[in-house]
Structures are given as C-alpha cells and as structure tokens.
Amino acid sequence: MNRFNAGNFSSLVRAEVVRALAPTHRHSTSMLVPRPGCLYSEGMTTLLMAWLGQTDLDAAKDEAKVGAGPVARALEDRVFDAAILLNTYPEAAAAGYLEWLRARVGHPAVEIRQVQLDSPVDYGAIYRNAVDAVEDARRRHDGRVELTFHLSPGTPAMAAVWVLLAKARYGARLVDSSKAHGVRDVEVPFSIAAEFLPDLLREEDRRLSELAAALPPEAPEFDQIVHRSAAMRQVVACARMVAPRTVPVLVEGESGTGKELLARAIHAASPRARRRMVAVNCGAIPENLVESVLFGHVKGAFTGADRAQKGLFAGAHQSTLFLDEVGELTPAAQVKLLRALEEGTITPVGSTEPVAVDVRVIAATNCSLVEEVGAGRFRSDLYYRLAVAVLTLPPLRSREGDLGLLVDHVLALVNRAQGDGDPAWQDKKLSAGARKLVLNHPWPGNVRELVNTLTRSVVWCPGPTVREQDVSQAFLPAVGTRRETVLDRPLGHGLDLRELLSEVARHYLTRAMTEAQGNKTRAAELVGLPSYQTLTNWLERYGVEG
C-alpha cells in the first residue's frame, strides 16, 4: 500500500493556489445546450463529478435495503446535463450500476471513467485522475462547464481532493447527500490562500482533518446510533471527524452505553472498512493466555501449542482492533501492548522475530483510566498512547430527549426479532402507563438494560399491548451498584420535586395493583388509602392503569 507523501501533496497544493491566483481564459462557444430547469448560467453545461462508492453499487443490488445511493440522489434532486463517475471497482460491477442508474433516473448522459489506484488513500493518484477527468470534460465541452463535485461517495482522501480542486482551481460547487438530509450544498468554512499554506502544509493529519472536518463521508453505520440529544450529537460529530484518521481512539462510558456500536461505526467510516474489524473483551482473556491471544504463538511455544496460531493483532492487519475493557489488562500485558503500539511490530510467543503490523486500535473502558493511572493500576505511558482521541459516551439518564426515540427503536427491533419466522406473531405496543413507567426509570444499565427489559416485557406480555405490570415485572435490580433513593438525589441538576413525588406514587400504585391482581379494594389497603374510590382517583391522577 502506498504511503501518503507529504512533500508531493504539498507541491500539488502550491500548484493549485498558483493556478487559482492566475487569470483564466474561457472559450466562448458551447457544445451542449443545458436542459430546461437548469439552475446554472445560460449556455453552460452542468456537470456532476463523483467517485463511484460502495453504497452506490449496493443500491443497484438492493435499493430497498440501502436506498438510492449518493449519486442517484444527486441526479434525482438536482438538474445536471451530464455526470462523470470515476470508478475503481471492477468494470462489470460499474456497467451493471450504470444500466440500473439510467433506468432509474432516465438520464442517458452518464459515463463511467475507469481508474486504477494502488491504494484508496493514494492522494497523488487520486489528484491526477480527478484533474485528468475534469480537464477532459472541459475540453469536450469547450470549457463551457459548470462543475459540481459530490463529496459523499468514495474515501475521505477523495473528498479532500475534491475540496482542494473546488476551492483552489475550478470554483466548483460541493454537495453531499444522506438518507436523513437528502442532497445539500456544502460550504467549506475556510479558503485556501497563499498566506494559509504554511500552516496547511506543516502537519499531515491536521491538514487533512481540516480539509475534511465539515465533510465527513457518508457513513450509514452512524445512523444506527439513535439520538437527538446535544450530548450525543457532539460525540457522534467527533466520531465522524476522527473516523478517517489512523490515530488511536479511546471510548469511555458506563456499561451498556454503546461503546462497541460506536467503535464499529468509526471503523465502517474509515479507509479500513473493507477489512473486518476484530474485537476482543480484554477482561475475558485468561491471564496466562493474554500474550498468545493478542500476538499469537509459534508451534511448540508452550505445552499444548501443537500448531502456530495467528494472534488478534495479525488478524487485524490493515484493519481495526477493538480492545473492549482495556483497563482489565494485567500489568505485563500492558507492557506488551505498549511496545506493539510504539513500534508497530509484534513478536509471537516462542519467536524472536518481530512481525510488522498495521493496526488501528480503538480501546474502550467503563472506568476512568485517569483514575486507574492515579491508583497505579494502569500504565500512564500506555494511557497517553491510547488516549489520542477520547470520546466519552454519556449515560442514558444524561441524554435528554433520547429515551423516547430509543424506546420506539428498540421496541420495533424486538417485534421484528420475535416475529422472524413466526407468521402468527402480532407486533406489540406499550400502553400509556407502561411507556410512562419506562420513561421514568433511571436505567443504570443504560441502553443494554433498556433492550433486555423491553424484550422481557414483550415476551411475557399475553396480549397485544404491553401493560405496566409487564414492564414492572421485567425490571431487574442493578447488579453490583447502589440504587439511588428518593432521599439522596442531588439538588439542582434538573431535580423536579413534583415529578419525583409522582414517580414514587406511580411505583407503589403499580406494585399494589399487581400484588392485588387488579382488586382495587385490596390495593387501596396495601397503600393505606381509605377506599377503592380514593384509589381510583389516584390511579387516574398519576396515569396508572386500573
């Protein structure tokens, strides 16, 4: 795989700025007349240029599953006279896509331009092929073209080059697209100018991150992270920005907050996505096998090693290794991991020959590694090696506005899973009282606890509607944690005394009705109310089903 050459790319950037500052001469004649409805200058040919992406090819195979894809969305949403798609995939796959695309959008002026790249991050080759394609189109249309570059398909490197060419050379429009937002114009929050170049060229990762900061590639995997809260929006935005990089990522958060889901989304949005992400729970590896599991062993390295075994690092070569609960590693294993990260090599157990590996590490922990370092249980040098990009997932109780969305999403998933292969299954929904009970639960186990509780509620529910008692019976006490009581909650921080009193009332009314099996007279006695009429009034006041 070719490595990025900072010097070559710097020369390309300087050349583009020189061209941008120089006067340009355009031909006065036009080869094509724009179609009706064109939004560009009269007499100009509107041209969409994009790299063909995997999502586009997948759309041609299963549109119902993945949607139309970025290119088809752009051609349906905007008016273009022609489109040129640069393709690095097999020609047969591109030909099938082209046939599907023309049939879908009714747009015959679409052509595929086959391109050969040694690497999806070969900036020099990407740049040369993009410029060749643009210049060829300009010659064929006698220079009378209005260019639009599509940033969503392709790799982050391809998007970065489109930004550079649009800003410094061609004055092209930039667009991106997604299922959620459709096709949008992209305004890059900086201008490439001569005085900006010294800083731009000083550091590879900073340069490319600034080029792509506002332009993350289309990554449907992030759509699986259901959220609307500001806290989660910030985490997802940071994750999308760091995804194209190769730097290590440390994901912190309580158990059940979705650390592995976020790690998989980062991997899927990275240039390493074509290779499978390798995941391991460090706390589940037997202490005497940690080194062998991570780095492999040769035949005869120890008793029972009757054959050589490739470790997880070698299995994740040119991909991503997800180390869950990294804080559980023993001190000896931490030393070995640090050496592998620093040197980019591993030495299998029983061998003296180091093996070079290209692995991006995403580590996760449900504890504070800073506190673990302070307590002497985790190496500070390893912490700083892992904590290059730190993402902290908030607990569910801090994700204001997300719980209702997650309840609907999880309930749909549970219904789908239970109904798979069961034609007699009837999807179940939450009653108003059950939903209120779910929304008022503190969820110490976060999203994982929510999923398990709703699954139990649906399975145990005898009818089409999940009732309060179904949810109440499905709750499990948090294991190994101290449950917060109504008397020790902190003042401020959103404390609502009226809602707290309502929560207590709903809790005991629900328990009483469950234990009394719906007998209001008996339930009134259990909670100290004078009569079933008074109980009925309380049930109505607090939204508890009778």
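The values are calculated or read from the model by the stated rules, or taken from the named source; none is laboratory data. Please read all numbers here as calculations on a predicted model, not as lab measurements. As a convention, Cβ positions derive from the backbone with ideal geometry for all residues, glycine included, and neighbour counts pool all protein chains shown.
This table checks each residue for (1) surrounded by fewer than 19 Cβ atoms within 10 Å (Cβ to Cβ); (2) hydrophobic (A, V, I, L, M, F, W, C).
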site	(1), (2)
Asp223	yes, no
Arg228	yes, no
Arg240	no, no
Gly253	no, no
Lys259	no, no
Asn281	yes, no
Pro286	yes, no
Phe295	no, yes
Val298	yes, yes
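Here Thr347, Thr365 are screened, and the one residue that is touching an Asp or Glu at 6+ places or on another chain (Cβ under 8 Å), more than 28 Å from Gly258 (Cα to Cα), in the same structural domain as Lys259 (by TED's automatic domain parsing) and in contact (Cβ under 8 Å) with a residue 24 or more places away in the chain is Thr347. Scanning the stretch 133-152 for residues that are closer than 13 Å to Arg173 by Cα and not acidic (Asp, Glu) turns up Val145, Leu147, Thr148, Phe149, His150, Leu151. For the condition modelled with pLDDT of 90 or more, among the β-branched types (Val, Ile, Thr), surrounded by fewer than 22 Cβ atoms within 10 Å (Cβ to Cβ) and not in a loop (DSSP other than H, G, I, E, B), Val236 qualifies. Within the stretch 378-402, the residues that satisfy the criterion of being more than 16 Å from Asp223 (Cα to Cα) and either in contact with a Pro (Cβ under 6 Å, 6 or more places away or on another chain) or assigned to a helix (DSSP H, G or I) (or both) are Ser380, Asp381, Leu382, Tyr383, Tyr384, Arg385, Leu386, Val388, Leu396, Arg397, Ser398. At least 3 residues being at pLDDT 85 or above is the threshold, and among the helices (runs of 4 or more DSSP H) wholly inside the stretch 42-136 those reaching it are 54-61, 70-77, 91-105. Candidates in the stretch 417-431 are the residues that are at pLDDT 90 or above and out of contact with any helix residue (DSSP H, G or I) (no Cβ under 6 Å at 6 or more places or on another chain); of these, the one that is surrounded by the most Cβ atoms within 10 Å (Cβ to Cβ) is Leu430. Contact map, the stretch 276-302: first residue in the same structural domain as His317 (by TED's automatic domain parsing), second residue part of a helix (DSSP H, G or I) and of a type in the set (Phe, Trp, Tyr), Cβ cut-off under 9 Å, separation 6 or more or different chains; pairs are Val278/Phe313; Leu294/Phe313; Phe295/Phe313; Gly296/Phe313. Report, by residue number, each residue of the stretch 368-395 that is touching a residue at least 12 places away in the same chain (Cβ under 8 Å), surrounded by fewer than 18 Cβ atoms within 10 Å (Cβ to Cβ), in contact with a helix residue (DSSP H, G or I) (Cβ under 8 Å, 6 or more places away or on another chain) and of a type in the set (Gly, Ala, Ser). Ala387 - this is the single residue of the stretch 368-395 that is touching a residue at least 12 places away in the same chain (Cβ under 8 Å), surrounded by fewer than 18 Cβ atoms within 10 Å (Cβ to Cβ), in contact with a helix residue (DSSP H, G or I) (Cβ under 8 Å, 6 or more places away or on another chain) and of a type in the set (Gly, Ala, Ser). For the stretch 152-160, the condition holds for no residue, the condition being that it is surrounded by fewer than 22 Cβ atoms within 10 Å (Cβ to Cβ) and touching a Leu at 6+ places or on another chain (Cβ under 8 Å).
Which is closer than 17 Å to Val278 by Cα, in contact with a Ser or Thr (Cβ under 8 Å, 6 or more places away or on another chain) and surrounded by 14 or more Cβ atoms within 10 Å (Cβ to Cβ), of Val349, Val361? On inspection, the qualifying residue turns out to be Val361. Restricting the stretch 307-346 to residues that are small (Gly, Ala, Ser) and over 29 Å from the mean Cα position of the chain (by Cα) leaves a set whose member that is surrounded by the fewest Cβ atoms within 10 Å (Cβ to Cβ) is Ala332. Would you call Arg448 of a type in the set (Lys, Arg) and either modelled with pLDDT under 90 or more than 30 Å from Asp496 (Cβ to Cβ) (or both)? No: the conditions fail for Arg448.
Of all residues in the stretch 421-467, how many are of a type in the set (Asp, Glu) and touching a residue at least 12 places away in the same chain (Cβ under 8 Å)? Looking only at that region, the number is 2.
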